[in-house]
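See structure below.
The values are calculated or read from the model by the stated rules, or taken from the named source; none is laboratory data. This structure is a prediction, so every number in the text was calculated from the model and none was measured. Note that each Cβ is placed from the backbone with ideal geometry, even for glycine, and that neighbours are counted across all protein chains shown. We work out accessible area using only protein heavy atoms, side chains counted, and drop any ligands, DNA or RNA first. Shrake-Rupley method; radii C 1.70, N 1.55, O 1.52, S 1.80 Å.
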2 protein chains.
Amino acid sequence: MINRQFTLAARPQGLVKRSDFAYAETPLPEPKDGELLVKTLYISLDPAMRGWMNEGKSYIRPVAIGEVMRAGTLGEVLVSKTPAFKAGDHVVGNWGVQDYAALPPEGLSKVDPRLAPLPKYLGVLGMPGLTAYFGLLEIGQPKPGEVVVVSGAAGAVGQVVGQIAKLKGCTVIGIAGGADKCAYVVRDLGFDACVDYKSQDVKKALRELAPKGVDVYFDNVGGDILDAVLTQIRMKARIVICGAISQYNNTTPVKGPSNYMSLLVNRARMEGMVVFDWAPRYGEAIQAMGAWLAEGQLKSREDIVQGLETFPETLNKLFSGENFGKLMIQV
Amino acid sequence: MINRQFTLAARPQGLVKRSDFAYAETPLPEPKDGELLVKTLYISLDPAMRGWMNEGKSYIRPVAIGEVMRAGTLGEVLVSKTPAFKAGDHVVGNWGVQDYAALPPEGLSKVDPRLAPLPKYLGVLGMPGLTAYFGLLEIGQPKPGEVVVVSGAAGAVGQVVGQIAKLKGCTVIGIAGGADKCAYVVRDLGFDACVDYKSQDVKKALRELAPKGVDVYFDNVGGDILDAVLTQIRMKARIVICGAISQYNNTTPVKGPSNYMSLLVNRARMEGMVVFDWAPRYGEAIQAMGAWLAEGQLKSREDIVQGLETFPETLNKLFSGENFGKLMIQV
């Protein structure tokens, strides 16, 4: 048995190329005492991965050249030399883009495939769902009756943000690329409206959909869309900075929000969030979202690509906007 | 007796020109019943005035073409036909760039020339001081031992921000243009350090002065300095957006802060403030700052130019950075 791996070979300029990774076939690793051997079933693809490939200080250390590319993962325990898990358990972790890993139990969590299909544990019940939950509720602080706007609305985080905002009694407007995605978030997920940024003027559309302005904006994309929303915010608005996927592959400087003085005019706030800070409260969020899922109040869509070998090209689907729902690879 | 006035003649492009105003000599106004006649002694010049000259929605309506240019003012009551004031009283208000005004008592406040020299009531005990007080304490929320950075440090707002931060037990770093201003805020006002943005690399200087990072940044200038400070913020930092004087005369789009994603990396917040929101608490702030002034714990410097006729050129001193301390005209 071989262990296929993608390691980081070079720090990418702009979009990721296959040559930024080295593909290797290595022997099956051997768990030491206290460790376990996992077989990867699903690999999560997230916009944050692009940032991890860059040098420089961030909220997490960069992936080193030669290191297995970091990624959220879900797998099955094949061999356990620790009492924490037993063979056959399903676990989520961050063992990266490879078929197998031998590793200690720290940082792994058990998941139950009878409660929800496995892919949900990388999406709505995983990092993207948790990001949506804490980012919206704790940083955005939406109140019933307020207008919440979310970009990347059909994406892994956005789809959860909008549905939770609806559950909290808000009017919810999504921003997404394409008629299919917009139809999905309105018809299937219950958003009140969706702006197709590919065919509509975002500023004008928001002015029509929310004539009194936007109270909470959950930003996954940055760039021109952030700038457009800034012109439409209401007094005391809260902008949650979760990501800026439009800017991650820039080879020129990031486009800062020219209209940031709207924060002053509207006494508004823009605040960044990183989901890891909320780890002590993950249980609470998973319980709440699990209950909503069970009751059918929270839906999610996954975009599952087959084959570990597709990794570099599948990752770029995030940035071209081709993916629809939570993107992952089934190994 | 004539009443000299500057009215707005055109909406300026870039820096204000004399031809953007109309100068007129009009008859002395006559107060109606319930009104009073004031003689202007000092006219306040504030960066916000540039914004009031532009069209478009903001936190206050624009000055109309043909209207007397809006400005904070301090004067003496000559005639009173209202019980609220009597002849000889000194009042502050917003009757604009003119020698005299007949107006109702609403929006006027009495000041006492025996407690503090009159110019202080347009500076440290006026809008700039109140902006510093509420912006720093309520939005910046500095805690003892934290590092506070303020731009425009020798300006009307900045000098008060830094001194209050020192009083609250913070380490205070100013950013100002020129060695004289830097020497003033350190030697005379007690700031811990000052970066001269004209001769120093702001980012590098901050890295040396605050190796653990900046907790609170009070921004009066925007542009490249905001961007440099964003690279040096600490976890959970607060950025108070008070102004962006570097951008007010742009004829090209405002330079948005390219490094705003530092808010995400550092789970930090950027929030705008407008002093008018705090009007119900002005009394509290004036009492606190008046006591600090009396005890010598709060100092201030005014830059007083003689002659109402200098108004257009004096206003531009704000944007060239020529003024040193709170800029005003003595009529």
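Tell me whether region B:23-41 contains one or more residues that are open to solvent by 30 Å² or more (accessible area, probe 1.4 Å) and at positive phi.
Checked against the condition, which is being open to solvent by 30 Å² or more (accessible area, probe 1.4 Å) and at positive phi, region B:23-41 yields at least one hit.
Being at the interface with chain B (Cβ under 8 Å from one of its Cβ atoms) and at pLDDT below 95 is the filter; apply it to region A:232-251 and report the residue that is nearest to the chain's Cα centre (by Cα). Let's see the steps before the verdict.
Quick first cut of region A:232-251, residues at the interface with chain B (Cβ under 8 Å from one of its Cβ atoms) only: A:241-244, A:247.
After this cut, where a residue has to be at pLDDT below 95 as well, the list is A:243-244, A:247.
On the way: A:Gly243: 9, A:Ala244: 12, A:Gln247: 16 Å.
Top of the filtered list is A:Gly243.
For the list (1) open to solvent by 30 Å² or more (accessible area, probe 1.4 Å); (2) within 14 Å of chain A (Cβ to nearest Cβ); (3) free of Cβ contacts under 8 Å to residues at least 24 places away in the same chain, I need the number of the one condition that B:Pro47 fails.
Here B:Pro47 meets the rest and fails (3).
Output the number of residues of region B:175-227 satisfying the condition of being out of contact with any strand residue (DSSP E or B) (no Cβ under 7 Å at 6 or more places or on another chain) and aliphatic (A, V, I, L, M).
Result for region B:175-227: 2.
When you check B:Ser109 against the structure, is it out of contact with any Leu (no Cβ under 9 Å at 6 or more places or on another chain) and open to solvent by 20 Å² or more (accessible area, probe 1.4 Å), yes or no?
Details: out of contact with any Leu (no Cβ under 9 Å at 6 or more places or on another chain): yes; open to solvent by 20 Å² or more (accessible area, probe 1.4 Å): yes.
Answer is yes for this residue.
Mind listing just one residue for me: the one in region A:263-283 that is small (Gly, Ala, Ser) and open to solvent by 20 Å² or more (accessible area, probe 1.4 Å) and, of those, farthest from the other protein chains (Cβ to nearest Cβ)?
First, pick out the residues of region A:263-283 that are small (Gly, Ala, Ser): A:268, A:272, A:279, A:283.
Checking the rest, the ones that are also open to solvent by 20 Å² or more (accessible area, probe 1.4 Å) come to A:279, A:283.
Details: A:Ala279: 13, A:Gly283: 21 Å.
Here the residue is A:Gly283.
If you go through region A:47-82, how many residues are among the charged types (D, E, K, R), part of a loop (DSSP other than H, G, I, E, B), out of contact with any strand residue (DSSP E or B) (no Cβ under 8 Å at 6 or more places or on another chain) and over 11 Å from A:Gln98 (Cα atoms)? Walk me through it before giving the result.
To start, the set of residues in region A:47-82 that are among the charged types (D, E, K, R) comprises A:50, A:55, A:57, A:61, A:67, A:70, A:76, A:81.
Next, only the ones that are part of a loop (DSSP other than H, G, I, E, B) stay: A:55, A:57, A:61, A:67, A:70, A:81.
When the remaining residues are screened for being out of contact with any strand residue (DSSP E or B) (no Cβ under 8 Å at 6 or more places or on another chain), the result is A:55, A:57, A:61, A:70.
Applying the additional criterion that residues be over 11 Å from A:Gln98 (Cα atoms) yields A:55, A:57, A:61.
Count: 3.
Looking for something more than 30 Å from B:Gly75 (Cα to Cα), assigned to a loop (DSSP other than H, G, I, E, B) and not assigned by TED's automatic domain parsing to the domain that holds B:Glu76 - is there at least one such residue anywhere in region B:235-247? Give the derivation first.
Taking region B:235-247 and keeping what is more than 30 Å from B:Gly75 (Cα to Cα), we get B:235-241, B:246-247.
Checking which are assigned to a loop (DSSP other than H, G, I, E, B) leaves us with none.
Within region B:235-247 (the criterion being more than 30 Å from B:Gly75 (Cα to Cα), assigned to a loop (DSSP other than H, G, I, E, B) and not assigned by TED's automatic domain parsing to the domain that holds B:Glu76), the answer is no, since none of the residues qualifies.
Of all the residues that make up region B:295-323, how many are open to solvent by 40 Å² or more (accessible area, probe 1.4 Å), outside any strand (DSSP E or B) and out of contact with any Leu (no Cβ under 8 Å at 6 or more places or on another chain)?
7
Each row is one residue, and each column tells you yes or no for (1) surrounded by 24 or more Cβ atoms within 10 Å (Cβ to Cβ); (2) more than 20 Å from the chain's Cα centre (by Cα); (3) assigned to a loop (DSSP other than H, G, I, E, B); (4) not assigned by TED's automatic domain parsing to the domain that holds A:Gly223.
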| position | (1), (2), (3), (4) |
| --- | --- |
| A:Ala116 | no, no, yes, yes |
| A:Leu137 | no, no, no, no |
| A:Gly145 | no, yes, yes, no |
| A:Val148 | yes, no, no, no |
| A:Ala156 | yes, no, yes, no |
| A:Val195 | yes, yes, no, no |
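Give all pairs with beta carbons closer than 8 Å in which a residue from region A:275-286 that is under 19 Å from A:Leu122 (Cβ atoms) and aliphatic (A, V, I, L, M) meets a residue that is open to solvent by 70 Å² or more (accessible area, probe 1.4 Å) and part of a helix (DSSP H, G or I); count only pairs at least 6 apart in sequence or on separate chains.
So the pair list comes out as A:Val275/A:Met127.
Looking at this structure, is A:Val254 modelled with pLDDT of 95 or more and either within 12 Å of chain B (Cβ to nearest Cβ) or buried (at least 18 other Cβ atoms within 10 Å of the Cβ) (or both)? First the steps, then the outcome.
On the way: modelled with pLDDT of 95 or more: no; either within 12 Å of chain B (Cβ to nearest Cβ) or buried (at least 18 other Cβ atoms within 10 Å of the Cβ) (or both): yes.
When the stated conditions are applied, A:Val254 does not pass them.
In this structure, does B:Tyr217 turn out to be among the hydroxyl-bearing types (Ser, Thr, Tyr), out of contact with any Phe, Trp or Tyr (no Cβ under 8 Å at 6 or more places or on another chain) and open to solvent by 20 Å² or more (accessible area, probe 1.4 Å)?
Values: among the hydroxyl-bearing types (Ser, Thr, Tyr): yes; out of contact with any Phe, Trp or Tyr (no Cβ under 8 Å at 6 or more places or on another chain): yes; open to solvent by 20 Å² or more (accessible area, probe 1.4 Å): no.
No, not satisfied.
Quick one: is B:Tyr260 more than 23 Å from the chain's Cα centre (by Cα), crowded, with 23+ Cβ neighbours inside 10 Å and either facing chain A (nearest Cβ under 10 Å) or under 30 Å from A:Thr131 (Cβ atoms) (or both)? It would help to see each step written out before you state the result.
Values: more than 23 Å from the chain's Cα centre (by Cα): yes; crowded, with 23+ Cβ neighbours inside 10 Å: yes; either facing chain A (nearest Cβ under 10 Å) or under 30 Å from A:Thr131 (Cβ atoms) (or both): yes.
Yes; evaluated as a whole, the condition is true for this residue.
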